[in-house]
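S.K.: Below you'll find the structure I mean.
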There are 2 protein chains.
Amino acid sequence: MRSYKHPAIEDVRLEDVFYALSDPVRLEIVNRLARKGEATCAALDGGRPKSSMSHHFRVLRDAGLVQTRNEGVQAINSLRRDELDRCFPGLLAVVLTLAA
Amino acid sequence: MRSYKHPAIEDVRLEDVFYALSDPVRLEIVNRLARKGEATCAALDGGRPKSSMSHHFRVLRDAGLVQTRNEGVQAINSLRRDELDRCFPGLLAVVLTLAA
DNA sequence: TCGCATGTTCTAGTTTATACGAACAAATGA
DNA sequence: TCATTTGTTCGTATAAACTAGAACATGCGA
């Protein structure tokens with residue numbers, strides 16, 4: 001459980017972001033992270049297996065939406081708000097408004 | 001070449017819209033339609049085969065993004081701007097700004 | 001009526017997701 | 001040191017997408 005790859009936000013394509021958001025589970029994750037600020041993977045599984053959640057978080061990381069850091073034994077996830085706002089101004093706000 | 005299925009905009013889920021926009025070809029189509037207002041399928045193929053374009057337009061229709069009507073032998077496509085703005089306020093504007 | 005143009009539908013092939021169990025890695029605490 | 005917890009990685013099975021050719025339907029003009 002160590003070393004996550006986070007792409008430079010400039011390398012993220014708009015299509016990648018849309019793709020990441022096209023799955024209900026991931027859209028829910030983004031929505032929850034926006035409200036909670038941070039959350040572990042386990043806190044957001046809906047009874048889904050760990051491997052499935054790990055997969056979805058990875059897609060979100062690859063799309064530049066989520067950043068993950070380790071804290072002890074757990075992984076803390078949060079949105080890359082500032083960077084997203086800089087590179088895709090307005091997008092996150094609309095997504096969070098509509099997904100709420 | 002007749003009778004297209006256009007879902008009621010209320011039945012369209014946000015994920016469906018994101019999914020439709022997650023393909024570069026389709027994002028390009030949406031972008032072009034926004035500028036041109038209307039266009040036939042043939043006008044927007046980039047040398048791609050007709051069947052591929054037909055597929056992408058169908059995905060866009062199913063996601064509520066595009067409406068198609070027949071005019072003689074050709075199919076005229078356009079964005080469902082007003083309906084999208086009503087059901088997903090702000091979304092199209094952001095998409096078109098960022099995809100430009 | 002015949003031929004042409006525009007798209008759709010069908011089908012197949014290849015690729016790409018998704019889901020999930022099992023094995024594994026790392027950190028923590030007993 | 002050993003068991004526990006959290007999450008990753010691997011392998012595999014199933015489902016869905018993308019691409020594209022071929023056949024087909026429709027409308028129009030010659």
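Please treat every number below as a calculation from the coordinates, not as lab data. Quantities reported herein were computed from a predicted structural model and do not represent experimental measurements. In this analysis, Cβ positions are derived from the backbone assuming ideal geometry, glycine residues included, and neighbour counts consider all displayed protein chains.
S.K.: Loop only by DSSP, 16 or fewer other Cβ within 10 Å of the Cβ. Give me the trypsin sites (Lys or Arg not before Pro) in segment B:1-86 that pass, ordered by residue number.
M.R.: B:R2, B:K5, B:R13
S.K.: In debye to the nearest 20, how big a dipole does chain A give about its Cα centre with +1 on each Lys and Arg Cβ and -1 on each Asp and Glu Cβ?
M.R.: That gives chain A a dipole magnitude of about 320 debye.
S.K.: DSSP loop (so not H, G, I, E, B), at most 16 other Cβ within 10 Å: list which GluC sites (Glu not before Pro) in chain A pass both filters.
M.R.: When the GluC sites (Glu not before Pro) of chain A are filtered for loop state and at most 16 Cβ neighbours within 10 Å, A:E38 remain.
S.K.: Suppose every K and R has +1 on its Cβ and every D and E has -1 on its Cβ; what is the size of the dipole of the protein assembly as shown about the Cα centre, in Debye to the nearest 20?
M.R.: The dipole of the protein assembly as shown has a size of about 240 debye.
S.K.: What are the lysines whose alpha-carbon lies under 29 Å from the alpha-carbon of A:K50, with same-chain residues fewer than 8 places away excluded?
M.R.: Cross-link targets: A:K5, A:K36.
S.K.: Copy-to-copy spacing for A:P49, label 7 Å out on the Cα-to-C-beta vector, in nm, shortest first?
M.R.: 3.7
S.K.: Here's another thing I want to ask about it. Semi-axes of the equivalent ellipsoid for the protein assembly as shown, please: Cα gyration tensor eigenvalues, times 5, square-rooted, ordered largest first, whole Å.
M.R.: Values: eigenvalues 242, 51, 47 Å².
Equivalent-ellipsoid dimensions as semi-axes: 35, 16, 15 Å.
S.K.: One decimal, nm, shortest first: give the distances between the label point of B:G37 and those of the same position in the other copies, each label point 7 Å from Cα along Cα→Cβ.
M.R.: Between copies, matching label points for B:G37 lie 5.1 nm apart.
S.K.: Right, next: Can you give me the relative contact order of chain A as a percent, contacts being Cα pairs under 8 Å and 6 or more apart?
M.R.: 35
S.K.: What's the Kirkwood radius of chain A in Å, using all Cα pairs?
M.R.: Taking the inverse mean of 1/r over all distinct Cα pairs, chain A comes out at 13.5 Å.
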